[in-house]
1. Return the residues of the stretch 58-70 that are surrounded by 15 or more Cβ atoms within 10 Å (Cβ to Cβ), more than 22 Å from the chain's Cα centre (by Cα) and assigned to a loop (DSSP other than H, G, I, E, B); say none if nothing qualifies.
2. Read through the list (1) surrounded by fewer than 19 Cβ atoms within 10 Å (Cβ to Cβ); (2) over 24 Å from residue 194 (Cα atoms); (3) modelled with pLDDT of 95 or more, then give the number of the only condition that residue 129 fails.
3. Of everything in the stretch 13-32, what is without any contact (Cβ under 8 Å) to a residue 12 or more places away in the chain and assigned to a loop (DSSP other than H, G, I, E, B)? Give them in sequence order.
4. Within the stretch 410-420, can you find the residues that are touching a strand residue (DSSP E or B) at 6+ places or on another chain (Cβ under 7 Å) and surrounded by fewer than 24 Cβ atoms within 10 Å (Cβ to Cβ)?
5. Looking at residue 73, is it part of a loop (DSSP other than H, G, I, E, B), touching a helix residue (DSSP H, G or I) at 6+ places or on another chain (Cβ under 7 Å) and more than 19 Å from residue 284 (Cβ to Cβ)?
6. Could you list all residues from the stretch 203-228 that are farther than 15 Å from residue 175 by Cα and touching a residue at least 60 places away in the same chain (Cβ under 8 Å)?
7. Being more than 30 Å from residue 356 (Cα to Cα), in a strand (DSSP E or B) and not assigned by TED's automatic domain parsing to the domain that holds residue 355, is that true of even one residue in the stretch 140-149?
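The values are calculated or read from the model by the stated rules, or taken from the named source; none is laboratory data. This one's a predicted model, so the numbers in the text were calculated from it and none came from an experiment. Please note: Cβ atoms are built from the backbone with ideal geometry, for glycine as well, and neighbour counts cover all protein chains shown.
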């Protein structure tokens, strides 16, 4: 029998999966106040427990299906492991059932974008594609729907990969690695090891330029992608090329051009890297340059990711609430800083996850007029940003009012917190929606008209 631990979105998808299989299970959540009335009604053959795992259950299950929000290092989980219980996650259950090709995508930043673009490219080429995992629908719900998919494209977090062992991917990638979730991992090495699990049983590893291939099986094909001058070493590598000396730039592999840079709606180095990763991941499928071009022409970015909210009084306001770690915010600062005629006013803060923010300092000094810190860990972040012109504020609303006063003509106010949101918000989406509402309210008169500066 299985014990399903964690009854959020993932845990509930596991319950649906077991119910469809006629598989009995136990269900547990550490939150004593969680309302499970509806779950008990829906899954009336399942026994539920909250707060503390009943001791009488310990002999009734062999396998713990752990939601990604619960760390394997939790004392009660460690105790179960010591007792010989197997610990898996929803991705492992999926891996044991799926019988069509899978593309697996992880990384500290950009994985939602690359997952979305890869799905779009395969769809443009005529494949019936399921996109899910850490983005969109849980994978087990995708397995249960009535569609016959040709390929699954999955975004996978390090938390999901911790409990995944047998996923066989036709192509897998770690897009990049930057410090994140240091409140959960004892060291960067352990964080990297969790990410590298994506390459287990992979037919092809898609690696960013300079990424060490150590630990990847010699039986796994390797393709690299990057924008450096010498990234293309073979026809398996993807980079920036030209048809001829001084000619138009293209993204392609080997000497084969696939996407003209001028066709990309989103310009900038990190957008090129995302497109290159997308193309490399599609190598096992019949996807032509025209299909990739359709994607980069149509794709205008994801919500909450460097999303332009509007231009008020000559100042652009950008919502990058999905920037939940230092690496994501660094990319946003550098990308928008290069494109902005004036300077950036950066809004930063929330729950730091024990990250080191000093890596932002050079980019902030190069591109930012001012940095406004808000939220729980503002003082800790300020200690990492010595020499930066900054202001500490309590709430996001106050930070927006402060930014409105500081920003000048042709500036850009960049909301890229580099932190988790749960000190003041439920998730980055709620935080991003609040930012949009507050910005619009701050620039609207009492009569509902745009304010005059």
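1. 61
2. (1) is the only condition that residue 129 fails.
3. First pass over the stretch 13-32, keeping only residues without any contact (Cβ under 8 Å) to a residue 12 or more places away in the chain: 21-22.
Matches in the stretch 13-32: 22 only.
4. Within the stretch 410-420, 411, 420 meet the criteria.
5. Working: part of a loop (DSSP other than H, G, I, E, B): yes; touching a helix residue (DSSP H, G or I) at 6+ places or on another chain (Cβ under 7 Å): no; more than 19 Å from residue 284 (Cβ to Cβ): yes.
Spelling it out, it is not the case that residue 73 is part of a loop (DSSP other than H, G, I, E, B), touching a helix residue (DSSP H, G or I) at 6+ places or on another chain (Cβ under 7 Å) and more than 19 Å from residue 284 (Cβ to Cβ).
6. The answer is 203, and nothing else.
7. Filtering the stretch 140-149 down to residues more than 30 Å from residue 356 (Cα to Cα) leaves 140-149.
Cutting the leftovers down to in a strand (DSSP E or B) gives us none.
Looking for residues that are more than 30 Å from residue 356 (Cα to Cα), in a strand (DSSP E or B) and not assigned by TED's automatic domain parsing to the domain that holds residue 355, one finds none in the stretch 140-149, hence no.
So that you can scan it fast, the table gives a plain yes or no per residue for (1) surrounded by 15 or more Cβ atoms within 10 Å (Cβ to Cβ); (2) touching a residue at least 60 places away in the same chain (Cβ under 8 Å); (3) not assigned by TED's automatic domain parsing to the domain that holds residue 140:
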{"site": "56", "(1), (2), (3)": "no, no, yes"}
{"site": "76", "(1), (2), (3)": "no, no, yes"}
{"site": "79", "(1), (2), (3)": "no, no, yes"}
{"site": "100", "(1), (2), (3)": "no, no, no"}
{"site": "106", "(1), (2), (3)": "yes, yes, no"}
